[in-house]
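Taken together, the values in this text are just the output of simple stated rules run on the coordinates, not laboratory data. This structure is a prediction, so every number in the text was calculated from the model and none was measured. Cβ sites come from the backbone with ideal geometry, for glycine too, and all protein chains shown count toward neighbours.
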């Protein structure tokens, strides 16, 4: 299903490329995204679909509450848990670009989100652009 989503994004005019590890990089109308494919999943998770939709529309997740956020350097992520998949999902909040990752536990999620932030910065640098920062730091 990821290939179908990637083909649809390209059809809309987005640039889609492979990132480091399981990351997919998306560039669309001045916005950029790095999203981690959910490990061992053939389908795309609804949380990832929603995140890609927000990127395409230019929507921004509101800042998460201080006690409900994962913080890596300047980036805060809203965290949710999917009990069916037994996975945590983190998505950067309060910024126009997309950074999203999955993890089986809190330390795995922190590591995956940090890797996604690193890949996002590398992606921006390769494009000759500055990475976006959260609006309210």
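A few remarks follow.
- Cα centroid separation - the range 1-31 against the range 62-135, whole Å: 18 Å
- Packing-based order for 3-16, 89-102, 70-83, using average beta carbon neighbours within 10 Å, highest first: 89-102, 70-83, 3-16
- Entry for Rg and Dmax of the Cα atoms in Å (calculated from the structure that is shown) out of (i) 19.3, 74; (ii) 14.5, 40; (iii) 13.7, 40: (iii)
- Length gained when the stretch residue 49-residue 129 is fully extended (0.36 nm per residue, less Cα-Cα span): 26.3 nm
- For the pair residue 85 and residue 107 in one chain, pulling the backbone fully straight at 0.36 nm per residue adds 6.2 nm over the alpha carbon distance.
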